[in-house]
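Read through the structure below, which is laid out as structure tokens, and then see the notes.
The values are calculated or read from the model by the stated rules, or taken from the named source; none is laboratory data. In this text the structure is predicted, and so the values were computed from the model without any measurement. When we count neighbours, we look across all protein chains shown, and the Cβ atoms used for this are built from the backbone with ideal geometry, even at glycine.
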Ligand SMILES: Nc1ncnc2c1ncn2[C@@H]1O[C@H](COP(=O)(O)OP(=O)(O)O)[C@@H](O)[C@H]1O
Ligand SMILES: [Mg+2]
């Protein structure tokens, strides 16, 4: 579904991504793990068209066609199915929960479908439904993460990009979020690319995993392979 080849991305004068190669197949959960500053967020921002590619390419292949990410606008990438739940959730705190979810539907003319998608989210996370008219800024961090994922789902992703879904959340809430992601993948077949500093969590969930170090992919394998790799353990799992 996604193929990234020799991708180089600069931010200012910094060469952040230095020729990364990876692929995500339809129906799978892939993860990109790595330390703070490795280039994980940069990768996702590039895939959603928010940062220019300096060389190499990223290509999205869906049932509707094939898209060159570098030559497609961010809005057209959403239309093509790449939907990004960004780092730090980016919820609009003064808008209501319902209004935040409606923002996910900014490209959709099908009101009935959008209403159904929002109802599904309220059913899965009743706390969001009960407080639908309240400002989203009143929600806890975990609830805001549910809202951020909900908003992304309203946009009907084919490839859902998630940036640090566990960041700042209590372990129990994180588990609930990750259970939900697994369920989405299993029941609705949503393909995902999850970026995480919490390597243990991400590897347990992922079918396929890539380790990013200073803008380069240094290891890849199935989630289980990397979980059992002594080098990965030492670098990313040994703490805590
Ligand atoms: N807004 C920015 N302007 C310039 N350089 C940046 C910016 N954001 C990040 N960088 C650089 O890109 C590197 C990778 O950042 P990022 O992709 O956010 O890493 P990660 O998400 O893995 O923590 C950072 O180490 C920093 O040098
Ligand atoms: Mg980041």
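Scoring residue 212 on the criteria (1) over 18 Å from the mean Cα position of the chain (by Cα); (2) within 10 Å of residue 32 (Cα to Cα) leaves a single failure, condition (1).
Would you confirm whether or not the range 58-80 contains a residue that is at pLDDT 95 or above and within 14 Å of ligand 1 (Cβ to nearest atom)? No, every residue in the range 58-80 fails to be at pLDDT 95 or above and within 14 Å of ligand 1 (Cβ to nearest atom).
Restricting to strands (runs of 3 or more DSSP E) lying wholly in the range 145-240: which have 3 or more residues that are within 29 Å of residue 120 (Cα to Cα)? If you could, list the steps in order and put the result at the bottom.
Values: elements: 159-163, 191-196, 208-213, 216-222.
Those strands (runs of 3 or more DSSP E) span 159-163, 191-196.
Among the residues of the range 28-57, those identified as more than 15 Å from ligand 1 (Cβ to nearest atom) and more than 12 Å from the chain's Cα centre (by Cα) are 28, 49, 55, 56, 57.
If you check 137, 129 for being under 22 Å from the mean Cα position of the chain (by Cα) and either farther than 22 Å from residue 45 by Cα or free of Cβ contacts under 8 Å to residues at least 40 places away in the same chain (or both), only one passes: 137.
Take the range 1-29 and flag every residue that is within 16 Å of ligand 2 (Cβ to nearest atom) and either within 25 Å of residue 65 (Cα to Cα) or in contact (Cβ under 8 Å) with a residue 40 or more places away in the chain (or both).
Start the filter on the range 1-29 by keeping residues that are within 16 Å of ligand 2 (Cβ to nearest atom), which leaves 9, 11, 14, 16-17, 20.
Result: 9, 11, 16, 17, 20.
Return the only residue of 65, 88 being surrounded by fewer than 15 Cβ atoms within 10 Å (Cβ to Cβ) and under 28 Å from residue 232 (Cβ atoms). Don't jump to the end; show me each part of the working.
Working: 65 fails: under 28 Å from residue 232 (Cβ atoms).
Only one candidate qualifies: 88.
Residues that are within 8 Å of ligand 1 (Cβ to nearest atom), touching a strand residue (DSSP E or B) at 6+ places or on another chain (Cβ under 8 Å), modelled with pLDDT of 95 or more and not in a loop (DSSP other than H, G, I, E, B) are absent from the range 20-27 altogether. The C-beta contact set for the range 143-171 (first residue free of Cβ contacts under 8 Å to residues at least 12 places away in the same chain, second residue away from ligand 2 (no atom under 16 Å from the Cβ), distance under 6 angstrom, 6+ apart or interchain) is empty.
Within the range 43-62, residues that are closer than 20 Å to residue 87 by Cα sit with their Cβ atoms under 6 Å from residues that are in a loop (DSSP other than H, G, I, E, B), at 6+ positions apart or across chains, in these pairs: 45/51.
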